[in-house]
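Remarks on the structure that follows.
Read-outs: derived from the displayed coordinates by stated rules, not from any lab. Here the structure is a predicted model, which is why all the values come from computation and not from measurement. Note that we place each Cβ from the backbone using ideal geometry, even for glycine, and neighbour counts take in every protein chain shown.
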Amino acid sequence: MSRLKRIYHADAYDTGRPVGSYWEAVTPAPAVDPCLNGDIETDVAVIGAGFTGLSAALHLAKDHGFAPVVLDAAPVGWGASGRNAGFNCMGGGKISDAAYARRWGTEDLGVFYRAQVRATQVVDDVLSAQGIDADVQPRGEWLMAHRPKDFDGFAQDAAFLNKVAGVKSEIIPKTALREHGVNGAGFHGAMWSDVGFCLNPQKYVFGLADAVRKAGGRICANTTVEGIEQLSDGRFALYTAQGRVVAEKLVLAGNGYNSDNLPHWMGGRYTPVVSHIMVTEPMGDNVLADQGWRVNQMTCDTRKMLHYFRLLPDGRMLFGMRGTPNLGPRDRARMPSAVRADFDAMFPAWRGVRTAYHWSGLICVARNLVPYVGPIGGWSGAFTAMAFHGNGVSMGSYTGKLMAGMVAGKPYEEPLPDGMQAEPARYPFARVRRWGLPAAFKWYGWQDR
Ligand SMILES: Cc1cc2nc3c(=O)[nH]c(=O)nc-3n(C[C@H](O)[C@H](O)[C@H](O)COP(=O)(O)OP(=O)(O)OC[C@H]3O[C@@H](n4cnc5c(N)ncnc54)[C@H](O)[C@@H]3O)c2cc1C
């Protein structure tokens, strides 16, 4: 029986439960790393073998000469990293520009945007430097206006993005959507931005793990860290059922799969939120043309209750959204039809196309709606990065790299805004914070009207 305090149904953390994702079906599974076997000592222990933990481990080994030990309760990529939509895009926060600027200033808002662009490039750097083939699709991201007023704001958004982060964008009116191959019901125009690309997230996370092993790191799978303490000599002891790890430094990269008591500082500083994905059966060119869809770049709409979608290399459509306050049997039973209903409303010509896969996972949000990277309060030599707000392909990879520099005590070579260094505040009524999600979803839904 785990002593970890988690706020979702136990099914959400059941590492023996099949994820059922499309990625599993199309990506050869590597051999599972052995679990920890007895007590060991190391220079750095990393908890979590997703993008964040593995990027930290890779940069620790390659850039700073450490030999990290990565521990995960499951095999590599079992968390959100192996089951997401594969959008390597800008983002990471859910805060509005105005609220960010009020709190940290307009200068720092520019740094935040430059960090987001740089984060997408770090993924590109890692893929090229490590020779990882992650089925990268063509560059660029589409944002579809779900209301006329959102389309009206695109010109200003594009000018701002270009000014602060050098991103080039193009604006496409509603009447030209079909000709650009991005036609859907309820779109009032689009903005295309020349940044980022889609990939196969399992190939990326498995490639990262390979690179970590080759660089001298060790990965222990199926090894749950049940407790951590800082010893009197400043080192960290990590307790698992398979042995104890004593490490000089610590990186915690659990994101939406974190626990409120690992360590106690974490309690109430993050909220996991469920995201759901469906993938259709493959569609031929004629069926795609019926709807007027051709592009295979990442796409999302302007809703706060975001829909995200992409055409996969084999002609299937992937479509994702948020929407349940838990991840137990009842939520899993309810969600496929809810996701399908939104898909059908957006792409009416594909109503007859079968859903082939459906799965879910946990993303992570913070009360200030900004990602965090920095120290774990009260412990010197321990760092965490989390709360990517459903945008951790780039932000997890990026903050992993930043944490490696923090562990090594090296100054940051990458943009790091003040906003991302602000210690995440605790949610009020933290033990029952999940109960607030239905009201939050309703509020966002109301704002989307
Ligand atoms: C359905 C879905 C779609 C998404 N789509 C996108 C997208 O298209 N683009 C994008 O940028 N982001 C997307 N995201 C978000 C993105 O996947 C995450 O932000 C990112 O994967 C976080 O990476 P991570 O390494 O920080 O955490 P995770 O990949 O979640 O890994 C955390 C790991 O920590 C381990 N762990 C936790 N506690 C312990 C412990 N005590 N002991 C041992 N191990 C532990 C867990 O087993 C887990 O493997 C999506 C997420 C979901 C769920």
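Give the residue from Val111, Phe51, Pro18 lying farthest towards the positive end of the charge dipole for region 1-155; charges sit on Cβ (+1 for Lys and Arg, -1 for Asp and Glu) and the dipole is referred to the Cα centre.
My answer, from the dipole projection, is Val111.
Estimate the FRET efficiency between Val432 and Ser2 by the formula 1/(1 + (r/R0)^6), using the beta-carbon distance for r and 25 Å for R0, to the nearest 0.05.
0.80
What is the spin-label model distance, in nm, from Arg294 to Asn37 if the labels are put 7 Å beyond Cα along the C-beta direction?
5.6 nm
Nearest 0.05, what FRET efficiency do Ala408 and Asn286 give at R0 = 56 Å with Cβ-Cβ as r?
Here the calculated transfer efficiency is 0.50.
On a 0 to 90 degree scale, rounded to 10, what angle separates helix 106-130 from the longest Cα axis of the chain?
So the helix axis and the longest Cα principal axis differ by about 80 degrees.
Given 0.36 nm per residue, what is the gain on full extension from Ala237 to Phe160 after removing their alpha carbon distance, in nm?
Extending this stretch completely gives an extra 23.0 nm.
Just for the chain, what percent of DSSP beta bridges are antiparallel, to the closest 5?
Beta bridges within the chain, antiparallel portion: roughly 70 percent.
Which distance in nm do the two modelled labels at Ala422 and Asn261 give, with both placed 7 Å along the Cα-to-Cβ direction?
For Ala422 paired with Asn261, the spin-label model returns 3.1 nm.
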